Amino acid sequence: RKEVEQDPGPFNVPEGATVAFNCTYSNSASQSFFWYRQDCRKEPKLLMSVYSSGNEDGRFTAQLNRASQYISLLIRDSKLSDSATYLCVVNIVDDMRFGAGTRLTVKP
Amino acid sequence: EAQVTQNPRYLITVTGKKLTVTCSQNMNHEYMSWYRQDPGLGLRQIYYSMNVEVTDKGDVPEGYKVSRKEKRNFPLILESPSPNQTSLYFCASSSSSGRDTDTQYFGPGTRLTVL
């Protein structure tokens, strides 16, 4: 079983849609959690950290459920520019583990 | 401008020909690491370094070497490349190991093909 698992997608949604991605992790000692965004053939960039209390940044909301060991990312009012691959990242004591990514395509 | 640079960006080579991919950061970061990214597998860590002269193996270190003689540089060395090392490589740095909210900054990537 992979340490960090994501639905690879692709998710194809129309502009304005709300879309949610989930990610599960296997190591209960995981300490911190992130969502990164990666555009095609580009480097990953931090989208947002994920806090236990949940956090929001504009149209993006991240949630963490430690008991069930999953993280979610909700994107509201999708824009064409949101099209990218979203990587779930889990930090386990100085060791960053990446999910394989979920690909999102937002269509006009 | 704060950045991580990698060179070369693209490289096609042949089996057994030693190569080095350079990585440099200008943010005075202590932590640096190398990843490879392959379809369906995501990013896998090759080696990481917590500080100068301190390096550790990641998940997939076989066939790779690194060194950290200076804080800003973290070269990746393939002594005898093989076709299964064909991949997209990313160097990353952060002020710590990525704990809390520390961001990992990634270089632009090096696409390596070993024939």
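Annotations
- Test: residue in the stretch B:61-80 that is in contact with a Gly (Cβ under 7 Å, 6 or more places away or on another chain) and within 11 Å of chain A (Cβ to nearest Cβ): no
- Residue within the stretch A:83-97 that is more than 23 Å from B:Val4 (Cβ to Cβ) and acidic (Asp, Glu) present: no
- If you go through the stretch B:23-50 and pick out every residue that is without any contact (Cβ under 8 Å) to a residue 40 or more places away in the chain and part of a loop (DSSP other than H, G, I, E, B), you end up with 3.
- Members of the stretch A:28-39 that are surrounded by fewer than 15 Cβ atoms within 10 Å (Cβ to Cβ) and modelled with pLDDT under 90: A:Ser28, A:Ala29
- Among (1) touching a Cys at 6+ places or on another chain (Cβ under 7 Å); (2) under 29 Å from B:Thr5 (Cβ atoms); (3) not aromatic (Phe, Trp, Tyr), the one test that A:Leu47 misses: (1)
Yes/no matrix, rows are residues, columns are (1) away from chain B (no Cβ under 14 Å); (2) over 25 Å from A:Glu15 (Cβ atoms); (3) acidic (Asp, Glu); (4) surrounded by fewer than 16 Cβ atoms within 10 Å (Cβ to Cβ):
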site	(1), (2), (3), (4)
A:Ser52	no, yes, no, yes
A:Asn55	no, no, no, yes
A:Thr61	yes, no, no, no
A:Ala67	yes, yes, no, yes
A:Lys79	yes, no, no, yes
A:Leu87	no, no, no, no
A:Asn91	no, yes, no, no
A:Arg97	no, yes, no, no
A:Lys107	yes, no, no, yes
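- Screening the candidates B:Arg36, B:Arg9, B:Arg68 for the property of being basic (Lys, Arg), crowded, with 16+ Cβ neighbours inside 10 Å, at pLDDT 95 or above and farther than 15 Å from A:Arg97 by Cβ yields one hit, B:Arg68.
- Residues in the stretch B:72-89 that are in contact (Cβ under 8 Å) with a residue 60 or more places away in the chain and not in a loop (DSSP other than H, G, I, E, B): B:Leu78, B:Pro83, B:Tyr89.
- Considering the stretch B:101-115, and only residues there that are assigned to a strand (DSSP E or B) and within 11 Å of chain A (Cβ to nearest Cβ), the residue that is modelled with the lowest pLDDT turns out to be B:Tyr105.
- Selection from the stretch A:32-52 of residues that are of a type outside the set (Gly, Ala, Ser) and farther than 27 Å from B:Gly109 by Cβ: A:Tyr51
- Scanning the stretch A:37-50 for residues that are facing another protein chain (nearest Cβ under 8 Å) and in contact (Cβ under 8 Å) with a residue 24 or more places away in the chain returns a single hit, A:Pro44.
- Checklist (1) at positive phi; (2) in contact with a strand residue (DSSP E or B) (Cβ under 9 Å, 6 or more places away or on another chain) applied to A:Asp39, failing item: (1)
The values are calculated or read from the model by the stated rules, or taken from the named source; none is laboratory data. Given the structure is predicted, the values throughout are model-derived calculations rather than measurements. Here the Cβ is made from the backbone with ideal geometry for all residues, glycine too, and neighbour counts use every protein chain on show.
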